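Single-structure report; data block below.
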Amino acid sequence: MPRYNLPDYYETVEEALMEGYTAPVVKDICKLLTSKPPIRKSDMVASICSALKGDGLHSIWTRMDDLEQTAVSEIVHSPDNQLDTSKFMAKYGDLPNTGYVSEYGDRKPTLINLLIINGTMPEELKVRLKDFVPEPRSYTIETQDDISDTFIQESYKYDYQSNERVAVMNEIPMIKMDTEMLALHDVLSVLRIIDSGKISVSDKTKRPTESGARTIASILEQGDFYDSDKNVDNSKIGHIKAFAWPLIAQSAKLAELAGRKLQLTKLGQKALNSPPHEIIRILWSKWLRTTIIDEFNRVDAIKGQNGKGRRGLSAVSERRRCIVDTLSLCPVGKWISVENLFKSIRALDNNFIVTRNEWSLYICELRYGSLGYDGSHTWEILQGRYTLAFLFEYAATMGIIDVAYIPPAMARDDYRALWGTDDLMFLSRYDGLQFIRINPLGAWCLGLSESYKAAPIEKRYVLKVLPNREITETKAPFPHSEAIFLETIADKTSDKVWKLNPDKILIWYEKGKSIEEIKKFLLSKSEQDLPDTVVSFFDDMIRRNKLLSDEGSARLIKVSDPVVALTLANDSRLKDLCIAAEDGFIAVPSSKENAFRKKLRKMGYGI
């Protein structure tokens with residue numbers, strides 16, 4: 001039998017045969033070349049080495065079938081001396097016949113065992129084979145120009161007459177969503193809703209609370225991908241976009257925690273006045289490096305990701321890099337099925353691992369549901385579910401890819417054989433994703449195009465500003481994001497009428513925000529120019545606010561003798577550190593207080 005651990009390197013065929021195989025296996029391999037092999041192992045090895053010399057190597061190569069030759073070619077023209085079976089399977093759909101071991105321990109080797117010994121090709125063979133073995137074909141990602149509006153889903157029911165399970169084909173409508181324009185709209189709406197102080201998040205995980213996610217979902221153009229309240233046989237789908245946006249904003253330092261609410265940072269305030277496609281590009285770049293969340297955590301059915309299990313999880317940045325590198329090789333504007341994308345990740349040398357210890361992950365119960373058992377940690381279960389989460393919840397939310405999807409219930413059946421999944425309608429909320437397509441915004445963010453020309457966002461005039469500073473809603477339903485913004489600057493006086501509130505506007509200004517931003521907002525939502533009286537109202541507020549500036553806090557010191565107070569305030573040693581006030585008071589800026597006290601002591605005074 002072959003040794004248990006596959007070596008990384010053999011220099012010669014003799015070394016490989018002597019160390020890699022036991023005598024019975026060497027004998028079986030030797031029988032491929034002669035009907036009467038020698039008796040001693042060393043003699044059999046010498047016989048095989050002799051047969052591989054000169055033209056013998058080429059002769060053996062020509063006797064191999066196409067798949068065996070392809071496997072040899074993949075190793076010969078790669079930096080490694082071992083066959084990457086995952087990559088080979090993804091690229092060619094099958095593995096070469098490397099012989100088999102029967103239930104009685106008998107082994108029947110094939111010709112490929114002469115060149116790939118114990119899973120490794122000896123270096124001397126690799127060098128010689130390179131002279132005549134052609135390079136393997138390059139991998140081409142399978143794409144489609146268009147996809148169907150429906151998806152054929154296979155399910156099973158029990159036929160009591162025939163007493164067996166019968167396959168049933170169900171035609172399900174498939175949702176196609178062009179995310180580019182949605183993301184360009186949503187990113188500004190999300191920043192505004194965060195700025196209003198209405199988004200609650202966990203102070204430990206920084207993830208949005210249920211109420212925070214609901215508020216986000218209410219202002220999204222076309223809402224979330226699914227109805228978060230919809231239950232599928234007690235399996236709740238939950239939020240996707242609405243969960244992602246607060247984390248995306250925090251990862252780019254556009255928002256930060258203030259108590260249990262999110263607030264915009266200075267960068268976030270600046271972003272409000274930036275083109276939305278430039279904001280998206282920054283968000284995407286920052287997300288690829290963030291550690292704010294491991295997207296695999298969102299596969300709720302797979303437990304054991306915290307505690308000891310967390311130590312075995314791989315770096316999220318490397319997983320994202322592998323997926324993004326594959327996306328960067330995909331043609332723009334073409335639909336790609338997730339199955340073909342899965343194959344492409346492996347076939348294009350972008351494979352990755354999710355965990356170094358599958359035994360720590362489990363479904364339902366650790367003892368029986370561990371993913372460490374054979375067949376339980378397949379690529380689709382671990383790497384596949386991570387890829388779906390990354391693409392659906394984050395890439396699609398940011399408008400990098402368009403998506404086509406169906407409800408997740410029974411959308412994939414690759415988990416049905418796992419212990420503890422009998423009651424699961426889906427392994428992850430992302431199981432319904434079927435196709436992706438890189439759009440122009442995604443191409444620009446991925447570096448596939450040098451520039452991006454944003455399509456004009458359709459202007460929706462939803463309000464009218466009146467000369468008396470009232471604002472009336474002109475479209476129904478009135479967008480929730482606009483209503484939330486108006487709440488920060490105006491009072492609602494009736495069902496569809498608002499009135500600009502100077503106090504609220506001043507509070508807005510005192511938070512470091514611009515009154516010009518209010519004017520821009522009203523102009524963008526109103527079909528007509530602002531009335532002169534409203535323009536004058538804003539201009540007067542801007543002019544008056546420029547007259548005052550906050551210079552920081554100060555300590556007020558009372559001097560019982562007004563003459564001494566005036567003397568101290570005008571002393572050459574102190575006059576740059578304080579300001580004389582009326583009635584014997586001296587004001588000392590907080591930033592200069594220590595220096596003031598030090599020099600005051602030298603003058604013989606203490607406070």
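Cβ-Cβ below 6 Å, separation at least six or inter-chain, first residue in the range 294-307 and farther than 18 Å from LEU247 by Cα and in contact (Cβ under 8 Å) with a residue 12 or more places away in the chain, second part of a strand (DSSP E or B) and of a type in the set (Phe, Trp, Tyr): which pairs?
If the second residue must be part of a strand (DSSP E or B) and of a type in the set (Phe, Trp, Tyr), the pairs left are LYS303/TYR362; GLY304/TYR362.
Just to be sure, is ASP131 within 42 Å of the chain's Cα centre (by Cα) and of a type outside the set (S, T, N, Q)? So that I can check it myself, show each step before the final result.
Working: within 42 Å of the chain's Cα centre (by Cα): no; of a type outside the set (S, T, N, Q): yes.
So ASP131 does not fit the description; no.
Inspect all residues belonging to the range 222-239 and state whether any of them is at pLDDT 90 or above and assigned to a helix (DSSP H, G or I).
Looking through the range 222-239, none of the residues is at pLDDT 90 or above and assigned to a helix (DSSP H, G or I).
Which residue out of ALA476, ALA455 is surrounded by fewer than 23 Cβ atoms within 10 Å (Cβ to Cβ), over 24 Å from the mean Cα position of the chain (by Cα) and without any contact (Cβ under 8 Å) to a residue 60 or more places away in the chain?
Result of the check over ALA476, ALA455: ALA476.
Can you tell me how many residues in the range 320-342 are assigned to a loop (DSSP other than H, G, I, E, B) and either of a type in the set (A, V, I, L, M, F, W, C) or within 16 Å of the chain's Cα centre (by Cα) (or both)?
4
Out of the residues in the range 300-324 that are touching a strand residue (DSSP E or B) at 6+ places or on another chain (Cβ under 8 Å) and over 18 Å from GLU393 (Cβ atoms), state the one that is surrounded by the fewest Cβ atoms within 10 Å (Cβ to Cβ). Walk me through how you get there before you give the answer.
Taking the range 300-324 and keeping what is touching a strand residue (DSSP E or B) at 6+ places or on another chain (Cβ under 8 Å), we get 301-305, 309, 312-314.
Cutting the leftovers down to over 18 Å from GLU393 (Cβ atoms) gives us 303-304, 309, 312, 314.
Details: LYS303: 19, GLY304: 22, GLY309: 19, GLY312: 17, SER314: 15.
By that ranking, first place goes to SER314.
Would you confirm whether or not the range 496-506 contains a residue that is in contact (Cβ under 8 Å) with a residue 40 or more places away in the chain and either closer than 19 Å to THR179 by Cβ or surrounded by 21 or more Cβ atoms within 10 Å (Cβ to Cβ) (or both)?
Within the range 496-506, not a single residue is in contact (Cβ under 8 Å) with a residue 40 or more places away in the chain and either closer than 19 Å to THR179 by Cβ or surrounded by 21 or more Cβ atoms within 10 Å (Cβ to Cβ) (or both).
Can you go through GLU482, GLU450 and tell me which one is within 30 Å of LEU341 (Cα to Cα), acidic (Asp, Glu) and under 33 Å from the mean Cα position of the chain (by Cα)?
On the way: GLU482 fails: within 30 Å of LEU341 (Cα to Cα).
Residue meeting the stated conditions: GLU450.
May I ask you to list the residues in the range 303-341 that are over 13 Å from ALA389 (Cα atoms) and among the hydrophobic types (A, V, I, L, M, F, W, C)?
LEU313, ALA315, CYS322, VAL324, LEU327, LEU329, CYS330, VAL332, TRP335, ILE336, LEU341
Please indicate, with yes or no, whether at least one residue in the range 343-358 is in contact with a strand residue (DSSP E or B) (Cβ under 8 Å, 6 or more places away or on another chain), surrounded by fewer than 21 Cβ atoms within 10 Å (Cβ to Cβ), charged (D, E, K, R) and not in a loop (DSSP other than H, G, I, E, B).
Yes, the range 343-358 has at least one match.
Which number in (1) part of a loop (DSSP other than H, G, I, E, B); (2) surrounded by 10 or more Cβ atoms within 10 Å (Cβ to Cβ) marks the one condition that SER524 misses?
(1)
Would you confirm whether any residue within the range 259-274 is crowded, with 21+ Cβ neighbours inside 10 Å and either in a helix (DSSP H, G or I) or not aliphatic (A, V, I, L, M) (or both)?
Among the residues of the range 259-274, at least one is crowded, with 21+ Cβ neighbours inside 10 Å and either in a helix (DSSP H, G or I) or not aliphatic (A, V, I, L, M) (or both), which makes the answer yes.
Please verify whether the range 139-150 includes one or more residues that are exposed (fewer than 12 other Cβ atoms within 10 Å of the Cβ), closer than 22 Å to ALA395 by Cβ and not hydroxyl-bearing (Ser, Thr, Tyr).
yes
Return yes or no: is ILE112 modelled with pLDDT of 90 or more, part of a helix (DSSP H, G or I) and in contact with a Ser or Thr (Cβ under 9 Å, 6 or more places away or on another chain)?
Judged against the criteria, ILE112 is a match.
Here's a check for you: in the range 189-216, which residue that is outside any loop (DSSP other than H, G, I, E, B) and among the basic types (Lys, Arg) is modelled with the lowest pLDDT?
Restricting to residues being outside any loop (DSSP other than H, G, I, E, B) and among the basic types (Lys, Arg), the top hit is ARG192.
Would you call LEU327 closer than 25 Å to ALA454 by Cβ, touching a residue at least 24 places away in the same chain (Cβ under 8 Å), buried (at least 20 other Cβ atoms within 10 Å of the Cβ) and touching a strand residue (DSSP E or B) at 6+ places or on another chain (Cβ under 9 Å)?
Considered against the rule, which asks whether it is closer than 25 Å to ALA454 by Cβ, touching a residue at least 24 places away in the same chain (Cβ under 8 Å), buried (at least 20 other Cβ atoms within 10 Å of the Cβ) and touching a strand residue (DSSP E or B) at 6+ places or on another chain (Cβ under 9 Å), LEU327 comes out as yes.
If we keep just the residues of the range 200-251 that are in contact with a Ser or Thr (Cβ under 6 Å, 6 or more places away or on another chain) and in contact (Cβ under 8 Å) with a residue 60 or more places away in the chain, which is surrounded by the fewest Cβ atoms within 10 Å (Cβ to Cβ)?
By that ranking, first place goes to GLY238.
If SER196 satisfies every condition in (1) under 21 Å from the mean Cα position of the chain (by Cα); (2) within 30 Å of PRO479 (Cβ to Cβ) but one, which is the exception?
So the condition that SER196 fails would be (1).
Quick one: count up the residues across the range 21-31 that are surrounded by 21 or more Cβ atoms within 10 Å (Cβ to Cβ) and either modelled with pLDDT of 90 or more or assigned to a helix (DSSP H, G or I) (or both).
4
Only strands (runs of 3 or more DSSP E) wholly contained in the range 362-471 count here; list those with 2 or more residues that are in contact with a Gly (Cβ under 8 Å, 6 or more places away or on another chain).
Because the criterion is at least 2 residues that are in contact with a Gly (Cβ under 8 Å, 6 or more places away or on another chain), the strands (runs of 3 or more DSSP E) in the range 362-471 that meet it are 401-405, 433-438.
Across the range 32-45, what is the total count of residues that are in a helix (DSSP H, G or I) and either surrounded by fewer than 14 Cβ atoms within 10 Å (Cβ to Cβ) or not assigned by TED's automatic domain parsing to the domain that holds ASN118 (or both)?
Of the residues in the range 32-45, 2 are in a helix (DSSP H, G or I) and either surrounded by fewer than 14 Cβ atoms within 10 Å (Cβ to Cβ) or not assigned by TED's automatic domain parsing to the domain that holds ASN118 (or both).
This table checks each residue for (1) under 16 Å from PHE342 (Cβ atoms); (2) surrounded by fewer than 21 Cβ atoms within 10 Å (Cβ to Cβ); (3) not assigned by TED's automatic domain parsing to the domain that holds ARG320.
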site	(1), (2), (3)
GLN383	yes, no, no
THR387	yes, no, no
LEU391	yes, no, no
GLY399	no, no, no
ILE406	no, yes, no
ASP431	yes, no, no
GLU470	no, yes, yes
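I'm trying to understand the selection: among the residues of the range 530-575, which are touching a residue at least 12 places away in the same chain (Cβ under 8 Å) and surrounded by fewer than 12 Cβ atoms within 10 Å (Cβ to Cβ)?
ASP532, GLU551, GLY552, SER553, LEU556, LYS558, SER560, ASP561
The values are calculated or read from the model by the stated rules, or taken from the named source; none is laboratory data. Quantities reported herein were computed from a predicted structural model and do not represent experimental measurements. When we count neighbours, we look across all protein chains shown, and the Cβ atoms used for this are built from the backbone with ideal geometry, even at glycine.
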